[in-house]
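The values are calculated or read from the model by the stated rules, or taken from the named source; none is laboratory data. Note that the coordinates shown come from a computational prediction; the quantities given were computed from them, not determined experimentally. Neighbour counts run over all protein chains shown; Cβ positions are idealised from the backbone, glycine included. Ligands, DNA and RNA are stripped out before the accessible areas are found, and what is left, the full protein with its side chains, is counted by its heavy atoms. Shrake-Rupley method; radii C 1.70, N 1.55, O 1.52, S 1.80 Å.
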Amino acid sequence: MKINAIVAHAADVPLQTGSITLRAMREQDVKIDILYCGVCHSDLHMVRNEWGVSQYPLVPGHEIVGRITEAGAAVTHLRAGDLVGVGVMVGSCGSCHFCQQQEEQYCEAGFVPTYNGTDSVSGETTRGGYAQTMIVDSRFVVTIPEHLDAKAVAPLLCAGVTTWSPLRHWQVKAGDKVGVIGLGGLGHMAVKFAAALGAEVTLFTTSAGKEQDARRLGVQHVVISRDAQQMAAWHQRLDFILDCVAAPHDLDPYLNTLRANGHLVLVGIPENPHPAPDITPMVFRRLSISGTSIGSLRETQEMLDFCGEHNITADVELIDGERIEEAFTRMLKSDVKYRFVIDMKAMRWDSA
């Protein structure tokens, strides 16, 4: 089946519209008419082959919202017309320890990424959401509450669940004192979720200009992390910190803000390693530094249901596909509050 898509043909060539071929439908699949697709920083990395694994032609996009137009014969929990989402994964082995525990993101064989992956049955390259349509295993599809703003739901499929998963895994609850480092695409969702869970939220940022917006999102306290005096005032006051910054930085000042048994959890992956932390406070206060990757299908659905109950969505800027290169440029400058989303319905396609 040929469809229209926004395609990367090489690392040094701008994205352009064109036609691609989707794999054939299977009995467990659904076909989705894509409405919106979020723009993740990893899309830029893959388009530019900055990780050295990109396969061209490449169709990015793993923050996908759309409506089902067709369901395979074996699909019983979804039907045509359902508003659904697809995130970072479209397959896993299904049999390893982690898949059996419904933690597909840690599949021992490696999960199948939504794009630039290899379909486990046909061997074809997977295609992402910068496109008209996708065909996907229904087991990797989540349902979206109809009353939520669909365009603002798209980033929840990656940025949202990436921050929701650690908050739930470490059982953040009402009354906990939670720190969030960085107020970008991930950080703004961490703030919204932590506040909705009833935590007292402190934002660590290098920019004093973000205070007003941070408070709008649910932050109670703003700490300028470059100000040593402000950082010292937060010595041993927090229970949990979610670090959403993907640039290398010193973790020690943040460890100093944690009480005994506190957790510092990393979700950003820096280009170069963080400086090694001082283990002394870790030993004497039983602190931990952990990492976490996206979230499971179960966590993603749980997050969307929670968002439906609390009317939570991402703060987005809607663009048409012709502006994707401009969006990439602005994203590198952090010139977006807080996530770009492509309006796929507004695309002026040539006939596929």
(request) Would you work out if the range 160-291 is rounded, prolate or oblate? Take a ≥ b ≥ c from the square roots of the eigenvalues of the alpha-carbon gyration tensor; rounded if a/c is under 1.5, else prolate when a/b is larger than b/c, oblate otherwise. (result) rounded
(message) I need to check one value: relative contact order of the range 1-150, counting alpha carbon pairs closer than 8 Å and at least 6 residues apart, in percent.
(response) 28
(message) 7 Å from Cα along Cα→Cβ at both Lys337 and Gln171: what's the point-to-point distance in nm?
(response) 3.7
(request) Tell me what the chain gives for mean residue ellipticity at 222 nm when only DSSP H runs of n ≥ 4 count, each as -39,500 (n - 2.57), the sum divided by the residue total, rounded to 500 deg cm²/dmol. (result) -6000 deg cm²/dmol
(message) Report, in listed order, any pair from Lys177/Lys333; Lys31/Lys345; Lys173/Lys210; Lys210/Lys333 with a Cα-Cα distance greater than 19 Å.
(response) Lys177/Lys333; Lys173/Lys210
(request) Name the residue, out of Val30, Val336, Val86, whose mean-square fluctuation peaks in a Gaussian network model built on the chain with Cα pairs under 10 Å. (result) Val336
(message) Let me see the P(r) profile for the range 73-146: every Cα-Cα distance counted, bins of 5 Å, each bin given as a percent of all pairs.
(response) 3, 15, 24, 23, 21, 11, 3, 0
(request) Provide, for q = 0.07 Å⁻¹, the log10 of I(q)/I(0) from a solvent-free Debye sum over equal Cα point scatterers in the chain. (result) -0.30
(request) Could you look at the chain and say what percent of its accessible area is carbon and sulfur, using a 1.4 Å probe and all protein chains? (result) 49
(message) Please list 3J(HN,Hα) in residue order for the range 220-228, calculated via the Karplus relation 6.51 cos²θ - 1.76 cosθ + 1.60 where θ = phi - 60°; whole Hz, with x for glycine and proline.
(response) 8, 9, 10, 10, 7, 5, 7, 9, 4
(message) How many angstrom lie between the Cα centre of the range 241-312 and the Cα centre of the range 74-117?
(response) 24
(message) Just the number please: accessible area per residue for the chain, 1.4 Å probe, all protein chains included, in Å².
(response) 43
